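Colleague: Provided herewith is a single structure, encoded as structure tokens, for subsequent inquiry.
Since every read-out is calculated from the coordinates, none of them should be taken as a lab result. From a predicted model like this one, the values you see are computed outputs, not experimental measurements. Because the Cβ atoms are built from the backbone with ideal geometry, glycine has one as well, and the counts that use them run over all protein chains shown.
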Amino acid sequence: MSEWKHLITEWLNEYTSLQENEVQSFAAEHEHNHEIATAIFNLFYCEDETVTYNCELENDAQLVQILENVCTQLFSFYRSKEIQLQRFTLQFIPTLIYNYLSSVAQGKKKTYRCIETLLIGIYNFEVVDENGKPKVVSFRLPSLAQSSIYHEPLSLGAQFLTESALRRWEECNTKLVNWGPLPQVDVINAQNRLKIVSALLFVYNRQLSLLPKLSLRHLCIAASRIVTHGFEKKQGNDSKRVPRIAVSPSFLLELIAGAYFAMFNEFYTLALQAVKDVDQRAQYELFPEVMIVTSAVINSLKNNASGQPFDGPMGISVALSPATTTVTMSKSMITNASFRTKKLPDDIPIQAGQATTAESTDVLTSITEEGESETAPIQRGIIARNSKAKLSSFPVLGKKTKDTKDKGNEKKVILKESSKGIWNSLSGGSGDMVDGLQKTADSSVETNGTSKDEKISMTSVHNSSENSDTRSHITPDSLDIDTTPRFAAMQVSSV
Amino acid sequence: MTSKSKNAVRGFETEIDKSREEANWKKAVELAQQLKSRSPQHESLAHFLIGEGKLEAYLDEWPPIKENIERAQRELSEARGYLTLATDEAGKKAGVALDAQLLLGKLNYACGSYDEALKHYKLAELNTLTEKELPVRSLRIVAESYAIKGFCLEQNAVPSSTSRYKQAEREAEMIRCFELASDLTLLYLQRNSSARAGPTLETALQRAPILHIRAGRLHSAIDRYREMLTAVESVSTQALRLTLTRQLAEVLLRGVTGQVYKPPVAVAPAQGTLTRRREDHVSEGPWKPKKYAALNQFVPRNEHEEVLVLVLVGEAMAARDGVLSQSAEFAAARDHSLHTALALIDLLALAALRWGLRPLVLESLERAMKFSFGCAHVWRQRALAAHAHAQAHAQTHAQADARPGGGAWDASVRARAVSQRARPLVPHDAALRLVTASTDYSTGWIEEGIAMAEEALAIEEEQQGPLLARCCLYAGIGYQMKAQKTNYRLDKEAANETSLKYLVRAAQLDPNDHLAFYHLALQYMDMGMLNEAMDATRSCLEARAECSGALIVAAKLWSCACAGRRQTRALSAAALARTHAPHSQHALATHAALQLLWDTPEAALATGKELLSLFSCDAEADAEAGGRAELDALSDSQQDDAQSARAAGHSSVRAEMAEAGRVERALCSGASGASGRAPPSARAQHRARAWLLLADICLRLDRVSAAAGCVAEAAALTPYSHLVFYTRGLVHAASSEWLEARLCFQNALAIHPTHLDSLLHLGEAYYRLGWLGLAEKAVREGAALQPGRADAWARLARVLHAAADPPAAADAAIAALALHARRPAHL
């Protein structure tokens, strides 16, 4: 105990004796000075322990004196122009916050005054920029409707072009997601205390990757202590009850953000414990948003195929997609991608005669087009011919359905993907008529589940008319394929 | 590479090429054997093709991993023979030697002889290949060669004596191999949309950035990920891109904050029309994959934007691949797709909620519903998100929306419906039930909320969980609200009883929970047990010294007659509550009321004005906050207000007022039907209440005209509030305009039929008008409504006395006297 006191005293004296021009080099060597940092962390924790063990009064007063000096020095570090010195102060923020909040909860005014002053100072420093204007951290909210360097809206499928996505796109550059502006404060009271400490923690979190690892460790410890303070199982009735520390959702969310970072930067166990503690507390306080995030983090650790902290650096490891490891994938699997909204052709070439066919689809049970080879009879309309009466009442998913059937065996369906040639022959030049191909779900599966060979799938294939864009032909599944070897070669199993 | 001879076997060759491109090796070998027998001059080519076919066919079945090495050594000798044949002079002439060498490298890798493999690559001069357009099959061979070379370099034990420089060089070579391999793979997959990458190529793709991270070069790793992700998607890269998207988002979340981040640079759209297929995609070289380069792209500028766009894209891709088939044969695929989607949804929750982007999370969870049948985690998350949404709504719009058709109502209904489904999936989760209960309470569905809380209680009792005390507390709060809401005496008493039982139990179970003590104090106060209430308040303040609600309760208790009116204590408690929560309406109002009694009226007036300014200074912010509330990050001011409102006992008031609010709303929408005026916002209601409080203070100061002005202000804000009518009635009563006062009180009662104060004052008005029968009826109703109110009985006594019924009047007066002590002075 005495050695770190000694260290701190030396450290205090060293800084006060510094000349103007020496500050820079002092700062440079200071940032990663673990010894002094450890000593200061010790000071804060010892401070904490005096509560439980009730040191003698004299000792207490001495501690408070040191604490005051340290806080003054830390604040002068923070106000100095040296980034390293600012960062040095910053690393203590979680511990300071813990110390402060627990002192407040216990009503120990004497010890927390100096920390409070330091925190107010840092807070007021951080909520304004260099020009004294309120600082705002903001970013644009990306929308899937706008293409980005990582995607194109259409390739994700129209289901993601929701109204809200489009609205977000519209507002992308005007309505930003903001942190701040926050008001400067003169005094901390019960109402603004948690806002101030969340803001401080936010500032701290923005520097996480530059801070010494030691600080991450203490962040986790502080987080755990803050949320479990006063929750310990009582060992005996004689010990005095320790008041709990008040928390707010946004404060807890900041704690989790920091702990998540620490989890993948060497402090897995501590950080996981911190997140679990926060989860427990969030349940206790009934903060649904915090519960979402904590259970998301815990679940992602439990459930994830890869991305575990011990999986490799930063928890990133090679995760092979199953499509490449399992060679065969059943063809009749239905995925979300199997459903396609009907896309109108980019250009509508209205041709005489076609309009009537389009209209008559609902009326006629079948239209035979001039097909070639084995795919001659093409049926359109809602009622699939082979499915007898049962299927007629079966709800179909698209606007138009079309069953392609093998001539010889009506119960088999052949569906090719990316087989442009066949498509062209099927559509017979009138590509835009074949704008939605859908095979109705197997009535047997749905209704009685008996005749397995009556397999018809529930896939709607999007065919975007003449401009045979192969990408839009993707059907993740083609079912019950009974084809000649030549076609078998062309099939792509679902991915 | 594979030379195309101008021979009669041309047709053959196209066939062969086709089978090779489609990886139909059986057919390729067959065709090659025919080729060999038909045209002996193509022997080298045929050997190569047979060797290749056999090798690839084998590898399709047994991927080149460690466990398969022995098998490979056994079974690949034939392929090795053919390929070695193809590397002779004739092979070189036929132009297949290079490919054969590359394939031999692969073969040796499969056999576990890494040095051998490297030797072959050296022979093929792999590292000096020029970057030029390659046929599809060759692309794959070269990509695989680079990948395998990388693996071999990685696998090969480095002698420890090697110099550092050498090691670094070796590592650089390894990474270069992987990077080239990944570029070529992506290009290959873009060109051949039906092909699959295979484990070798896919591992190589993911390996490069991991090596960078391991070596501490975070930025190189991120750049590598970006390289790969900006490449245009093709059918076979979908799964791969999903993984990479997630990984990049994870790396950014776990390793990059603030200043460390460097934003990506967008690929400039191609000038002119060099690219034929689509202008949206550009390629930087013959060995580089095509990249997204649409106009008006979203290019992230900071880490938050990049993480969000990645997670959103990834989540959309994962949702697209979600397997819907429920039959057992797809269970594995379904599980996998669900897990991938979950990983991204979880990341989204982590990245978005911190910024208050709740709608984003809610949307993604709603999408996930489609393919997460029976998945407890998703359902629980969705239920929680729905509750968070509902509660946030309830806070921003106060009770304004809490009616059928309102936004908050909708949100609550939805939240309730979702948790109804989610509950069976998490049979041991008490917290979810408590969250449901608290949403129910705030929407005014008290019975349902109580049912939820009791269900949670049963769960926690069974497993002795940590939330047991809280379950009791919420059940207690429910009954407390029920007691306040109901007007039927037996029900009320029963509910009070149950509430007390639960609250006492909660406080016993967790003597450190200030909220339990606070509600217990309220309950005791309601039931007239003031000493117990004081004890509970003390315990509450011990657990949390700054709980302003408890301080207010303490102030009220001290102001009660039976406490001997400890004025100073009451005043200082209220003042303390005000210092702790200077922006809390409740604290200010209480303080003002007490100041009015025992301090100077001016001080009270000043407090009242401060209260008013609290709401008017934010008037401009109000308009902005309305639409933006959802996106406003870290805005927990509303949260705090609600917290303190709950702590200040507003929840109980709300239960009773909800009904009145609904009528008010109906009137409002009826009146505004033509004018199209929106119902008053929460802030307007707060301001109106502040005006009414001021009016009250003015009345007590005998400044009737000022009070009338205050009421007019309030009426402009909330014209149909029963409180406005009530206060206006008071103003009229103060100037002895009893007819007008009567009308006002009647109006107030029409909106809120059980508003006790209006009822009592109506009785007073009747009494003044000399209509004793009506007066007695009104006052009796009031006394029946709340038998604990001393002033009701006092009024009744007066009315009965005037009606010349002295015995009854005496009884009422006795009741009033007995109850008098229990009433806080300023209420």
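Colleague: Counting each DSSP H run of 4 or more residues in chain B as -39500 (n - 2.57), what helix-only mean residue ellipticity at 222 nm follows after dividing by all residues, to the nearest 500 deg cm²/dmol?
Modeller: After summing the helix terms and dividing by the residues of chain B, the value is -23500 deg cm²/dmol.
Colleague: Sticking with this structure for a sec: Hey, rough spin-label estimate for residue B:370 and residue B:339, points 7 angstrom out along Cα→Cβ, what's it come to in nanometres?
Modeller: Rounded to a tenth, the inter-label distance reads 2.3 nm.
Colleague: In terms of modelled amide H atoms, which long-range or inter-chain residues lie less than 5 Å from the amide H of residue A:148?
Modeller: Correct list: B:298.
Colleague: Run the quick spin-label model on residue B:132 and residue B:417: label points 7 Å from Cα toward the beta carbon, then report their separation in nm to one decimal.
Modeller: 6.5 nm
Colleague: Evaluated at 37 °C with a viscosity of 0.692 mPa s, what Stokes-Einstein diffusion coefficient in µm²/s does region A:88-238 have when Rh comes from the Kirkwood expression over alpha-carbon pairs?
Modeller: 176 µm²/s
Colleague: Residue by residue through region B:713-726, which ³J(HN,Hα) values in whole Hz follow from phi under the Karplus form 6.51 cos²θ - 1.76 cosθ + 1.60 (θ = phi - 60°), with glycine and proline marked x?
Modeller: 4, 5, 5, 5, 7, 10, x, 10, 7, 5, 5, 5, 4, 4
Colleague: Okay, moving on. Subtract the Cα-Cα distance of residue B:119 and residue B:771 from 0.36 nm times their separation in residues, and report this length gain in nm to one decimal.
Modeller: That pair, residue B:119 and residue B:771, stretches by 223.2 nm at full extension.
Colleague: Taking the simple approach of a point 7 Å from Cα along Cα-to-Cβ for both residue B:602 and residue A:174, what is their distance in nm?
Modeller: Reported label-point gap for residue B:602 and residue A:174 is 5.1 nm.
Colleague: Take every Cα-Cα pair in chain B and report what % of them are more than 39 Å apart.
Modeller: Here the long-distance tail beyond 39 Å is 56 percent of all Cα pairs in chain B.
Colleague: Which angle between 0 and 90 degrees, to the nearest 10, do you get for helix B:738-751 versus the longest principal axis of chain B when only C-alpha atoms count?
Modeller: On a 0 to 90 degree scale, this one is about 30.
Colleague: Okay, moving on. Cα convex hull of region B:720-827: mean projected area in nm², to one decimal?
Modeller: Over all viewing directions, region B:720-827 projects a mean Cα-hull area of 6.3 nm².
Colleague: Between the helical axis of B:468-485 and the dominant principal axis of chain B, each derived from Cα atoms, what acute angle in degrees is found, rounded to the nearest 10?
Modeller: Tilt relative to chain B: about 50 degrees.
Colleague: Now for a different question. Pairs B:18/B:92; B:122/B:290; B:119/B:166: which are spaced more than 26 Å apart, C-alpha to C-alpha?
Modeller: Too far apart for the 26 Å limit: B:122/B:290.
Colleague: Here is a follow-up. For a Förster distance of 41 Å, can you work out the FRET efficiency between the beta-carbons of residue B:579 and residue A:72, rounded to the nearest 0.05?
Modeller: 0.95
Colleague: Quick one: angle between helix B:303-320 and the longest Cα principal axis of chain B, in degrees between 0 and 90, rounded to 10, please.
Modeller: 80 degrees
Colleague: Additional query: Quick one: Karplus J couplings for region A:278-292, per residue in order, coefficients 6.51, -1.76, 1.60, θ = phi - 60°, nearest Hz, x for Gly and Pro?
Modeller: For region A:278-292, the Karplus-derived couplings read 4, 4, 4, 5, 5, 5, 5, 7, 6, 9, x, 5, 5, 4, 4 Hz, x marking Gly and Pro.
Colleague: Determine the alpha carbon to alpha carbon distance for each of B:36/B:93; A:195/B:262; B:54/B:106; A:276/A:302 and list only those over 19 Å.
Modeller: Over 19 Å Cα-Cα: A:195/B:262.
Colleague: Oh, and also: Take every Cα pair under 8 Å in chain B that's 6+ residues apart, average their separations, divide by the length, and report that relative contact order as a whole percent.
Modeller: Normalised by residue count, the contact order of chain B is 6 percent.
Colleague: Then there is this: For residue B:290, what residues show an amide H to amide H distance below 5 Å, using hydrogens built from the backbone and excluding near sequence neighbours?
Modeller: So residue B:290 has HN proximity to B:232.
Colleague: For region B:591-606, what does the Karplus curve 6.51 cos²θ - 1.76 cosθ + 1.60, with θ = phi - 60°, yield as ³J(HN,Hα) per residue in whole Hz, taken in order and with x for Gly and Pro?
Modeller: Per-residue couplings from phi come out as 4, 4, 4, 5, 4, 4, 6, 10, 10, 6, x, 4, 4, 4, 4, 4 Hz.
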